Structures are given as structure tokens and as C-alpha cells.
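Data block below; observations after.
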Amino acid sequence: MKTVFIISLVILHLSKPFINEVTQSFGHKSYYISIMIKLPRDKVPKKYIVQNDNLFGHLIKQLKLDSMEDYLSFIRKKLYRNKPLKLNQVGDDFREVIQSKELVDNIKKGKEHFIQTYFDDRGVLKSNMNYDDEAAIIDQLFQWEIPCLNDDESGVLYIRSNY
């Protein structure tokens, strides 16, 4: 039985390199994760974005996970299977994803148009974004498997410029 479990984890690991990449980052260079979360007050799960390091800290405390390996196994299964997290609460570092009509219209125009609209040629988010739009942009990038994070020094949101 243990062999079957290990083989299934290896297959999942190999089939989802993006999820492995974004969940392996911790500290100041932590990528954003987009995940469905079901809170006790919600009838249906809602989508949130949060940096991996903050999600790790929150889940270690709330779910009483024992180690980073437990966290990685747990969160990767949720993300691979697109299953919502059931949590009692979320912290201030969790941002609910709310999409504007303009953002949805730009998503429909495709990935290249979307990135050109919201990012400069160095992959830095243009500065005229509000809080909700930024969260929705991060979520869409996650759906397209484009990792993004904040710069250590400036705090600006960026993606690698080769996307």
C-alpha cells in the first residue's frame, strides 16, 4: 500500500511542475498561490490569493501540520485536484479574488494581450492597479501557470519577462 502511495505522489509530482515550483518557494521570494477556500460563514468556496510562505504559516497553525513535508504533501494534493481548503478563518494576507468586467474582457483577449496590458516589458506590474484588480491578475496568472511574486526591495509584483 505504501508503494502505491509513493508511486502516485511521484506521478503527481512529475505531472504538475508549476504547482511544485510555486509551493517550493518560501520567505521573501515566495510565489503567490490561488486557491479555493471554504469558510464556515460561506455557502460556497471563494477564491483567494496568498503567498506560499504565508499559506504555509497559516496552515501549520490552523491545521496543526507537523512539518514542511506535511504542508507540501497536503497543499499539492489540494491544488492538483483543485479541491477547496476548509478553514475556520483566513489572515489579512489572504486576498479574495474579485474580477472586474474590464479584467474579464482582457482575459478573453488571450494571455499575450493580458500580459501586455498589465505588465511592462521587464515583467513588472504597471502601477495603476487597485487592490482587487491586482488580486484578480495574480489569480489569472496562476490559472495560466505563470508564477508571480513581489520583489524583495521594491515590493512590486513581477513575472519573468519570458512569458
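The values are calculated or read from the model by the stated rules, or taken from the named source; none is laboratory data. All values reported here derive from a predicted model rather than from experimental measurement. All Cβ positions, glycine included, derive from the backbone under ideal geometry; neighbour counts span all protein chains shown.
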Filter result (polar (S, T, N, Q), closer than 20 Å to VAL50 by Cα and touching a helix residue (DSSP H, G or I) at 6+ places or on another chain (Cβ under 8 Å)) within the range 109-149: GLN140
Single match in PHE56, PHE74 (criterion: modelled with pLDDT of 90 or more, surrounded by 19 or more Cβ atoms within 10 Å (Cβ to Cβ) and more than 16 Å from GLU145 (Cβ to Cβ)): PHE56
Subset of the range 3-29 [within 19 Å of GLY91 (Cα to Cα) and modelled with pLDDT of 95 or more]: THR23
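Check whether at least one residue in the range 96-117 is more than 28 Å from SER154 (Cβ to Cβ), surrounded by 14 or more Cβ atoms within 10 Å (Cβ to Cβ) and hydrophobic (A, V, I, L, M, F, W, C), and report yes or no.
The answer is no; no qualifying residue exists.
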Residues satisfying the stated conditions in the range 26-73, i.e. part of a strand (DSSP E or B) and of a type in the set (S, T, N, Q): SER34, GLN51
The range 72-85, residues that are over 15 Å from VAL50 (Cα atoms) and not hydrophobic (A, V, I, L, M, F, W, C): SER73, LYS77, TYR80, ARG81, ASN82, LYS83
